[in-house]
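The values are calculated or read from the model by the stated rules, or taken from the named source; none is laboratory data. If you're wondering where the values come from, they're calculated on a predicted model, not measured in any experiment. Quick reminder, even Gly has a Cβ in these numbers, built from the backbone with ideal geometry, and neighbours come from all protein chains shown. The area values use the complete protein model at the heavy-atom level, side chains included, leaving out ligands, DNA and RNA. Shrake-Rupley method; radii C 1.70, N 1.55, O 1.52, S 1.80 Å.
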Amino acid sequence: MAIINAPRGTRDILPSESWKWAYIINMASQTMKDFGFSEVHLPIFEHTELFSRGVGETTDIVEKEMYTFNDRGGRSITLRPEATAGVVRATLENNLCVQGASAKLWSWGPMFRHERPQKGRYRQFYQIDAECLGIAGAGADVEIISLTIELFRRLGLKNLEVVINSVGCEKCRPVYRQKLIEYFEGHKDELCETCLTRLDRNPLRILDCKNESCGHVADNAPDIYDSLCDECREHFAEVRKGLERLGFSYRLNKRLVRGLDYYTKTAYEILSGDLGSQNAVAGGGRYDNLASSIGGPKVPGVGFACGVDRVMIVMEEQGCSFGKMPAVDVYVAALGDDSRGAVQVLTYELRKNNIAAECDTSGKSFKAQMKAVGSCKFACIIGTDEIANHSVSVKNLQDGLQETIAYDDVTEYIKSRV
Ligand code: AMP
């Protein structure tokens, strides 16, 4: 019988990679703390209508990419394709944002989208996500964008570009939408099949179609900035001013729409020059109507999600540091079978004292044990002599020197040297 492999588009994060992964998450955790964000852990599956209403019925995610199934109680359940809708749901359900209060929350974990797998695109992928709820002003947008940039700065990513846009609000977008429909109607023969279906349902999405012909048509489409209402125009100007005050450069892209329908006003992406076609390492924006679209009151929000898998690829490609690979400091070896028990006792004693220690539990010969010391700094050897003398032979594996240390002093001896 053939071995069962992992499903297409998923991958195993193995020990050779997982410590680097932990480095990224720890860096995110520290950065979030420095920006005043608190961590939340939310369900990986939610009711399907959270995403169909929140993310938008006409988005690619909802139409084609969700892992949706009926559970045993017959309810339609979806593996979360993104984090924002869940964070907003949790904020409303737990009253985190009542009476003008605001909430700054972050989270990380797996997301699921049935997309065509390629480099940097998986069906189970991981996102670090931060959301600021309850604040309508542009200062919150600037804080979120600066948080994304700061996280990448700390991780050492180079060659990044910040791209921003305003996608308007429920007041000005319908006017713009109509202008777009009229414009694209006149260029139907130049649009791809997908964009033809988007024409009536979601014409804004045509703007960021990757098809070359659609791109040419979109380049000459009516400019969203001419349609923004005063409030959106002022908000966008404030965001830009705020970014400039912090010394960030950015590029305006009037065709940046993003694949989720909940965005209002600010939309942004951080692109890497080292990622090929899937070049966005993070994306986000403002979503002032998301809370009301899932049945709550109007709670403004702004947030971002960063793809951990892609950050990892870029860091590897750019030779960024992941800190030190965790290693065991001490190998405790048994010289003869009689000391195997004592070896396990000493190993546990060291571990209790926060010293990373390893010993053999599979019955390896002394020679084989000494081959397994790897990059340890010390080997502690216990044989019948050591048991009789209540001592341990400690070998410094860097300089090869060996000393006999009283058993009761060995933990302190090692502690002061690793
Ligand atoms: P989105 O939730 O679509 O706004 O995407 C936010 C970020 O998540 C992107 O910039 C990517 O870094 C990452 N991302 C989105 N989809 C995938 C995927 N299928 N595989 C890997 N990373 C992804």
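Could you please tell me which pairs satisfy a Cβ distance under 7 Å, a separation of 6+ or placement on different chains, a first residue in the stretch 111-136 that is open to solvent by 30 Å² or more (accessible area, probe 1.4 Å), and a second residue that is part of a strand (DSSP E or B)?
114/67; 115/121; 123/112; 124/110; 124/112; 126/108; 126/109; 126/110
What is the one condition in (1) within 16 Å of the ligand (Cβ to nearest atom); (2) in contact (Cβ under 8 Å) with a residue 40 or more places away in the chain; (3) outside any helix (DSSP H, G or I) that residue 283 does not satisfy?
(2)
Of the residues 276, 247, which single one is more than 14 Å from the ligand (Cβ to nearest atom) and on the phi > 0 side of the Ramachandran plot? First the steps, then the outcome.
Values: 276 fails: more than 14 Å from the ligand (Cβ to nearest atom).
Of the residues listed, the single one that is more than 14 Å from the ligand (Cβ to nearest atom) and on the phi > 0 side of the Ramachandran plot is 247.
Does the stretch 336-371 hold any residues that are assigned to a helix (DSSP H, G or I) and open to solvent by 80 Å² or more (accessible area, probe 1.4 Å), and which are they?
Within the stretch 336-371, 337, 338, 344, 345, 348, 351, 352, 367, 371 qualify.
Considering 99, 124, which residue is more than 27 Å from residue 35 (Cβ to Cβ) and either at pLDDT 95 or above or more than 8 Å from the ligand (Cβ to nearest atom) (or both)? Steps first, please.
Numbers: 99 fails: more than 27 Å from residue 35 (Cβ to Cβ).
Answer to the check: 124.
Which residue pairs have Cβ atoms under 7 Å apart, sit 6 or more places apart or on different chains, and have a first residue in the stretch 250-265 that is more than 22 Å from residue 64 (Cβ to Cβ) and open to solvent by 50 Å² or more (accessible area, probe 1.4 Å) and a second that is in a loop (DSSP other than H, G, I, E, B) and of a type outside the set (A, V, I, L, M, F, W, C)?
That search, which allows pairs on different chains as well, returns 254/223.
Every residue in the stretch 207-248 that is among the β-branched types (Val, Ile, Thr) and within 18 Å of residue 265 (Cα to Cα), please.
Result: 224, 239.
Can you list residue pairs whose Cβ atoms sit under 9 Å apart, with the first residue in the stretch 25-46 being open to solvent by less than 40 Å² (accessible area, probe 1.4 Å) and the second being of a type in the set (S, T, N, Q) and not in a helix (DSSP H, G or I)? Count only pairs 6 or more apart in sequence or on different chains.
32/38; 40/107; 46/78
Could you go through the stretch 299-308 and let me know if any residue there is assigned to a helix (DSSP H, G or I) and either small (Gly, Ala, Ser) or open to solvent by less than 30 Å² (accessible area, probe 1.4 Å) (or both). Give the steps one after another, and end with the answer.
Residues of the stretch 299-308 that are assigned to a helix (DSSP H, G or I), as a first pass: 308.
Narrowing further to those that are either small (Gly, Ala, Ser) or open to solvent by less than 30 Å² (accessible area, probe 1.4 Å) (or both): 308.
Checked against the condition, which is being assigned to a helix (DSSP H, G or I) and either small (Gly, Ala, Ser) or open to solvent by less than 30 Å² (accessible area, probe 1.4 Å) (or both), the stretch 299-308 yields at least one hit.
Could you tell me whether residue 150 is in contact with a helix residue (DSSP H, G or I) (Cβ under 8 Å, 6 or more places away or on another chain) and charged (D, E, K, R)? Give the steps one after another, and end with the answer.
On the way: in contact with a helix residue (DSSP H, G or I) (Cβ under 8 Å, 6 or more places away or on another chain): yes; charged (D, E, K, R): yes.
When the stated conditions are applied, residue 150 passes them.
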